[in-house]
Amino acid sequence: MPEVPELHAFASRATAGIAAPAERAGATSELYEHALSAYEEHRASGLAHDDAVQAALTQLGEPSEYRKDFARAHRARLTPRTVLLIGGAAIVFMILLWAFFALIFGVAS
Amino acid sequence: MNRVLSSWPYVLFVALCWLSWELIGVLEFPGMDSAQQKSLFLTISLFVYPVLLFLAGTALGYRRGYDWVTVLACLVVFIVCQVFSSAVKAYPLSIGDLATFSAYYLIPAHLGIAAGLGIRAVQRRNAQPKE
């Protein structure tokens, strides 16, 4: 697989809104492959390297157009079930916090 | 820069926590003696705010994964608020105070993020089609 830095830069910019590093890397690689296949199509049609890169970038559009959609797609939604799970986790945390302070102040007194 | 800007709900939450803490400091609590007020402040600072930070961390971890940009942006705002408070009250902060504030913020927030990441991982695993 050829390495085309311009396409890699495009993919990195388009996925910059994804916060989780592993998910961002996966999305970048997927988008890069998509951009690369567009580039290879243009190369197969007879364009020179620079022209094929430019044509692929034009075909793909602005990275900013992708950024918001990618960020939204990789942001988990808060459903009622998730809110309950988060509440449960907070209750566990409160119990642990209470036990921690009981231990500290119990030992101190 | 976009990721810093998209951190605004979490930054606002930290700023509101700080504002509410400052408000509690100036409010009068009728019928409470100074020992009771001290207990109330201790309960709020050692129990209520850590739980709020944990909840915010859980929401962040669940929705965005480990978003260190947001964690750092919130920490900066938290420290700036503390420095501002101490400057207004003419009470100088030492490096030790800042380290304590950072630990106070970072520990519950990271436990929350870990819980959020756990919930996210479990939900994603359950959502995958079984073979």
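The values are calculated or read from the model by the stated rules, or taken from the named source; none is laboratory data. Computed from a predicted structure; not experimentally measured. Note that each Cβ is placed from the backbone with ideal geometry, even for glycine, and that neighbours are counted across all protein chains shown.
For this structure, a couple of remarks:
- Cβ-Cβ under 9 Å pairs, at least 6 apart or on other chains, segment B:53-73 side over 11 Å from B:G112 (Cβ atoms) and facing chain A (nearest Cβ under 9 Å), far side of a type in the set (V, I, T) and part of a loop (DSSP other than H, G, I, E, B): B:R64/A:I18; B:G65/A:I18
- The lone criterion from (1) without any contact (Cβ under 8 Å) to a residue 40 or more places away in the chain; (2) within 14 Å of chain A (Cβ to nearest Cβ) left unmet by B:V88 is number (2).
- Condition met for A:A9 (among the hydrophobic types (A, V, I, L, M, F, W, C), modelled with pLDDT of 85 or more, surrounded by fewer than 17 Cβ atoms within 10 Å (Cβ to Cβ) and within 22 Å of the chain's Cα centre (by Cα)): yes
- Tallying residues that are within 14 Å of chain B (Cβ to nearest Cβ) and in contact (Cβ under 8 Å) with a residue 24 or more places away in the chain within segment A:28-63 yields 1.
Here is a yes/no grid of residues against (1) surrounded by 17 or more Cβ atoms within 10 Å (Cβ to Cβ); (2) not small (G, A, S):
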{"position": "B:V80", "(1), (2)": "no, yes"}
{"position": "B:Y91", "(1), (2)": "no, yes"}
{"position": "B:Y105", "(1), (2)": "yes, yes"}
{"position": "B:A109", "(1), (2)": "yes, no"}
{"position": "B:G112", "(1), (2)": "yes, no"}
{"position": "B:V122", "(1), (2)": "no, yes"}
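- Enumeration of residues in segment B:53-87 that are of a type outside the set (S, T, Y) and in a loop (DSSP other than H, G, I, E, B): B:G65, B:D67
- Boolean, B:Y10 is among the hydroxyl-bearing types (S, T, Y), under 12 Å from the mean Cα position of the chain (by Cα) and closer than 30 Å to A:A14 by Cα: yes
- Per the listing A:F101, A:F105, the residue uniquely surrounded by fewer than 19 Cβ atoms within 10 Å (Cβ to Cβ), modelled with pLDDT under 80 and among the aromatic types (F, W, Y) is A:F105.
- When A:A16, A:A9, A:A25, A:A89 are checked against the criterion of being part of a helix (DSSP H, G or I), within 10 Å of chain B (Cβ to nearest Cβ) and closer than 23 Å to B:W68 by Cβ, A:A89 stands alone in meeting it.
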